[in-house]
Amino acid sequence: MDNSNKIIPPHLNAQVYRTDTSTNTISHLDYLHIHPDDGVLIGCSELTGRYWNGGATICKSIEEAYKQCNAEKKSISLTTGTADGCFLGNSTKVLLCEDNGTVSIWSFSNGDVWQQWEREAFASEHDNAVLAVDCLESRKEYVTSGADGNVKVWDVNEMLCIQNYIMAHSLAIYSVSVKPKSDKLFATGSQDQYVTLWDKNTDKSVSDLAKNNSNVRCLQWLDENNVIFADEGGVLSLIDIRKTNDIVKLSEFPAAVHRILIHPESRKVAVCCDNKIVSVCDITTDLKANVIYHERHMHNNFVRGLAWDLNNNKTLHSLGWDGEIKTHKIVWN
């Protein structure tokens, strides 16, 4: 075979890339929260090779969310992705966690002639993506965790960090959850495999609740004494904060568990993993996890967000990277 002396210029598509002004991106829906006043918050990241944006859509009802969840125009447009967010007391104010380390507060006024969401305040104090948020005291204090391994407690009225745990974990903290009926205690789960308990009134952690065998991806309180957490190995576990030496393995899933969500009025826990499956488990009093619902065909891509319906306690809503919201009717006695 003859050697070719032809010189091929590198990056033949460079001119097209430089002059491309298209902004059409696919919305990868990441989280879903429902407010008691029928407000629905949908957060998304819009990822392509060139653009890495995100935003949030706020709807008046879940029915409206079905129609608006993948609309090109968002209620709030961001120049970063957003991994989590929440309502701040009412359905006209939200807090968003951004991938550039910013925590931002947005509000909507019905008297605004432009009918737009406006950013009220923000603080860029995390050194990497803000990954999770939970409420300590409604409309006043919230706690965030980030990929920088830091945990911060915020006074959202002043947009001021009032407690800063530098290197709370040695790796990214994917989940934070406030203890039920408490305005000071919360737990975190991290890629460093630790589940840790914190008190906002102290400068150091209260205790390490568990040292897991795999990276902790998500956690939530089942009740005032028990924390359920799940990891990259697909294992769902429970730890009693009164006897932390005994970790109970509840169930095992075929992929890394991405999110869990406890039913507000029962011991049911919804689970989504790094796949298309939505499951619901019933945690019995003898600490067994019985799968009462398992759906693998509704979504066409990874399921990312879960929300229990506040008007029908046996209905679960899910969304994911296929850009769709799905409704699951759960049956139990």
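Values quoted throughout were computed directly from the atomic coordinates according to the rules given, and no laboratory measurement underlies them. Source: prediction; values computed, not measured. Neighbour counts run over all protein chains shown; Cβ positions are idealised from the backbone, glycine included.
Structure values in brief
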item: Euclidean distance between Cα centres, the range 211-290 to the range 26-44, Å; result: 23 Å
item: Cβ-placed point charges (K, R +1; D, E -1), dipole of the chain about Cα centre in debye, nearest 20; result: 500 debye
item: Around K326: net Lys/Arg minus Asp/Glu count, Cβ-Cβ under 13 Å; result: 0
item: Overall form of the chain per C-alpha gyration tensor (a/c, 1.5; a/b vs b/c); result: rounded
item: For T284, T82, T244, order by how many other beta-carbon atoms lie within 10 Å, fewest first; result: T284, T244, T82
item: Selection from I105, S91, H126 lying farthest towards where the dipole of the range 87-143 points positive, charges on Cβ; result: S91
item: Top of S205, S107, S182 by mean-square fluctuation, Gaussian network on the chain, Cα under 10 Å; result: S182
item: Net +/- balance of residues flanking A123 in space, Cβ distance below 13 Å, scoring K and R +1, D and E -1; result: -4
item: Within straight-line cross-link reach of K67, lysines at Cα separation under 27 Å, skipping those fewer than 8 residues along the same chain; result: K93, K276, K314, K326, K329
item: Zone of N226's modelled label, taken as backbone nitrogen in the range 267-307 under 11 Å from a point 7 Å along Cα→Cβ; result: 267-269, 282-290
